[in-house]
Each structure stands twice: as structure tokens, then as C-alpha cells.
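K.L.:
Please find one structure pasted underneath; my questions will follow.
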Amino acid sequence: MFNRTVKILPAVCLAACLTTGMAWAAESPFIGEWKLDPAKTRMPDEMKVESKGGAKFAFDFGGGAETILVDGSDQPGGYGGTLLSVKAEAPDTWIVERKKDGKLLLKATWKLSKDGRTLTDYFRQFASDGSTVSIDYVYQRSGAGSGFAADWQSIRETMNSPFPVQVGAFQGDGLCIVTTLEKKTQNVKFDGKDYPNEGPAGDRGASSSAQRVDEHTLVITNKASGTVTDTETIRLSGDLKTLTITAHVTSGSRPSVMVFERA
């Protein structure tokens, strides 16, 4: 759900979601406020670090390789005019930062285990409103490489920040799903059509469509500029108290499974 390219989107339609289509709101069991259960949630992540000789390394956080020198200086990244820096603070500690327009977007402190088999990532993402997303990852080495160079696959993810989701009605019989921490809003109806997500100019190409599988199961397809990026299966428990969102990314990475309890 979170990556080093930074995807923080503003939610601007929550009031409309919660005040339109009240008849549907009364009928839909998905309507309400939901809070994440971290103990039951898995958000697998993968990052690749490849040595290019000397202090030069290629970093791939899921959006393609960015090759820079590990010298602590800000260098052009591969995403939307951002700058990426990596500093070797100690033999077992690297500091990773991404900035844009002089503002710090994220900071990650990487700690390599003594045997070099695992890497702990203390990941912090900063929003323009001053809020912070805090996640601690533990990765296991996969493939070739030594030191920090490896294909790192997460084996544990700990969400330290509250992660609420709010679901309201959208245009009568649709749903408006607001992921508050990410400031991400999806507006969907069950007519097979793509509806634009609410977001800034850089995210105007994002859209979502939905289908109702049964009374307690929905499938949402997300796109960017017309290309499918991921699908989310949303299942409601029989007692209507637990919401499970399973997200499959088209790149083929392991699915995220997020479990929410009704607030």
C-alpha cells in the first residue's frame, strides 16, 4: 500500500459521500467507519538493491530502477521531479530520504542484521498537513548480492499509525471509500463504468469501477490513465463487523490483506 515513490492523495468528497443517497446508506452493510486490525493485516513489500560498483547502487522500490551514489547527497530520482538520497551512516545502517521542492516526503532508516540475512526498515512518510505514516518492515534476503544489495522480500509489516477507512454513499446507489491516512478517495457505482478518483492534478488519471459479487462481496478495479493497476476484493463478514480488503497488484507481487473492524 505504501511505497517509496510516495502516493499521498487528498480526500475531498467525504462530506458528499456521507450526505447523498441516504436510502442506499440505510441498506448497504458496507457503510460506516472502519479501523485497521494490525495483528491480522499483511501488506507485503519488495525492494531491490543492486550494486553498480563503488558507491553506486540501483534502487527499485516497485516503479523501476533509480541509480544514484550512496553519499548522502540529493540526486534526481525517477518519480515526478523528486530527489533521492541514501547515506551510509554506519556499516549496518543506511538512511534513505526522498524530497520534492525542498520538502521531505519520506525517511527510512535501514538496519542490516549481523548475519546479513534480514533488513529492518523504519519507514516514515510525511504529508503536507504535518501528519506522518509510520510503518516498520522486516525483510528477508532473496537472490544474489551482499550487504545491502539484495532482492528484499518483507516477512513482517507493523503499522504504527491509526489507519481508518470511511465508507459512505455515492450518487444514490454507489459507494465512496475514503482511506483517511492516505487521503485517497474512490467513488464507485455498480454499472461497470470507470469513475474518477478525487485527487490533485498529478492523479487525475486515476479511476475505479466496481461490481457486486454478492451481498457481502465487492470487487473494485483501479486504473491509472486507463491501465489497470490493481484489483481489490472487499468482503464483509456474516456478522457485518469485519471488513477484509485483499488487493492484487498487476505486477504480480504478493497480495495485501487488510482486516478492519467496525468502529
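The values are calculated or read from the model by the stated rules, or taken from the named source; none is laboratory data. Values in this document were obtained by computation on a predicted structure and should not be read as measured data. Note that we place each Cβ from the backbone using ideal geometry, even for glycine, and neighbour counts take in every protein chain shown.
K.L.:
Quick one: is Asp115 at pLDDT 95 or above and closer than 15 Å to Asn160 by Cα?
P.N.:
No, not satisfied.
K.L.:
Tell me which of these Asp239 doesn't satisfy, since it passes every other one: (1) within 30 Å of Thr158 (Cβ to Cβ); (2) surrounded by 13 or more Cβ atoms within 10 Å (Cβ to Cβ).
P.N.:
(2)
K.L.:
If you check Thr82 against the conditions, is it at pLDDT below 95 and on the phi < 0 side of the Ramachandran plot?
P.N.:
Values: at pLDDT below 95: yes; on the phi < 0 side of the Ramachandran plot: yes.
Answer is yes for this residue.
K.L.:
Go through the residues of the stretch 140-154 one by one and say whether even a single one is assigned to a strand (DSSP E or B), under 30 Å from Trp34 (Cβ atoms) and modelled with pLDDT of 95 or more. Talk me through it step by step, then tell me what you get.
P.N.:
Pass one, the stretch 140-154, residues assigned to a strand (DSSP E or B): 140-142, 150-154.
This time we only want the ones that are under 30 Å from Trp34 (Cβ atoms), so: 153-154.
Next cut, modelled with pLDDT of 95 or more only: 153-154.
Within the stretch 140-154 (the criterion being assigned to a strand (DSSP E or B), under 30 Å from Trp34 (Cβ atoms) and modelled with pLDDT of 95 or more), the answer is yes, since at least one residue qualifies.
K.L.:
Taking the stated definitions as given, is Lys193 at pLDDT below 95 and buried (at least 20 other Cβ atoms within 10 Å of the Cβ)?
P.N.:
Criteria not met by Lys193.
K.L.:
Quickly run through the stretch 101-112 and pick out the residues that are surrounded by 14 or more Cβ atoms within 10 Å (Cβ to Cβ) and either without any contact (Cβ under 8 Å) to a residue 24 or more places away in the chain or not in a strand (DSSP E or B) (or both).
P.N.:
Of all residues in the stretch 101-112, those surrounded by 14 or more Cβ atoms within 10 Å (Cβ to Cβ) come to 105-112.
Within the stretch 101-112, Lys107, Thr109, Lys111 qualify.
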